[in-house]
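The values are calculated or read from the model by the stated rules, or taken from the named source; none is laboratory data. Since we're looking at a predicted model, the values are computed, not measured. With ideal geometry, Cβ positions are generated from the backbone for all residues, glycine too; neighbour counts draw on all protein chains shown.
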Amino acid sequence: MSIDKSDIEYLCNLSKLNLDDEEQSVFLSQMQSILDMIEELEEVDTGDIEPMAHPLKMTQRLRVDEVTEFNDREKYQKNTDFAEDGFYKVPKVID
């Protein structure tokens with residue numbers, strides 16, 4: 001894949017960057033080197049490699065699934081006039 005100066009100008013316009021010609025040429029060379037690296041990585045055969053969630057053979061430590069807080073909804077809603085049937089009433093925002 002190739003990138004040229006018009007692509008850099010387009011990206012600068014989208015991202016609202018004001019780069020002079022020298023900065024654009026530096027950015028162009030940096031973007032081209034990134035794209036070259038991506039093309040190089042795409043050439044590597046990864047068909048025999050199993051996908052992994054973590055680079056180390058570790059298991060996730062999980063906490064015990066138990067209730068630690070209780071439902072105090074009625075306690076909190078007793079101080080408002082904007083609650084009904086356990087729900088807070090809010091103004092309609094979508095027609």
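General observations
- Lone qualifier among Leu19, Leu62, Leu41, Leu56 - being within 27 Å of the chain's Cα centre (by Cα), free of Cβ contacts under 8 Å to residues at least 60 places away in the same chain and assigned to a helix (DSSP H, G or I): Leu41
- Residue tally, condition of a type outside the set (A, V, I, L, M) and touching a Phe, Trp or Tyr at 6+ places or on another chain (Cβ under 8 Å), over the range 72-90: 5
- Residue check, Glu69 more than 25 Å from the chain's Cα centre (by Cα) and exposed (fewer than 10 other Cβ atoms within 10 Å of the Cβ): yes
- Taking each residue of the range 70-88 that is without any contact (Cβ under 8 Å) to a residue 24 or more places away in the chain and looking for partners that are part of a helix (DSSP H, G or I) with beta-carbon atoms closer than 7 Å, six or more apart or interchain, yields Ala83/Gln77; Gly86/Arg73.
- All conditions in (1) under 12 Å from Lys5 (Cα atoms); (2) at pLDDT below 90 hold for Glu22, with the sole exception of (2).
- Being surrounded by 10 or more Cβ atoms within 10 Å (Cβ to Cβ), assigned to a helix (DSSP H, G or I), of a type outside the set (D, E, K, R) and touching a helix residue (DSSP H, G or I) at 6+ places or on another chain (Cβ under 7 Å) is a description that does not apply to Leu11.
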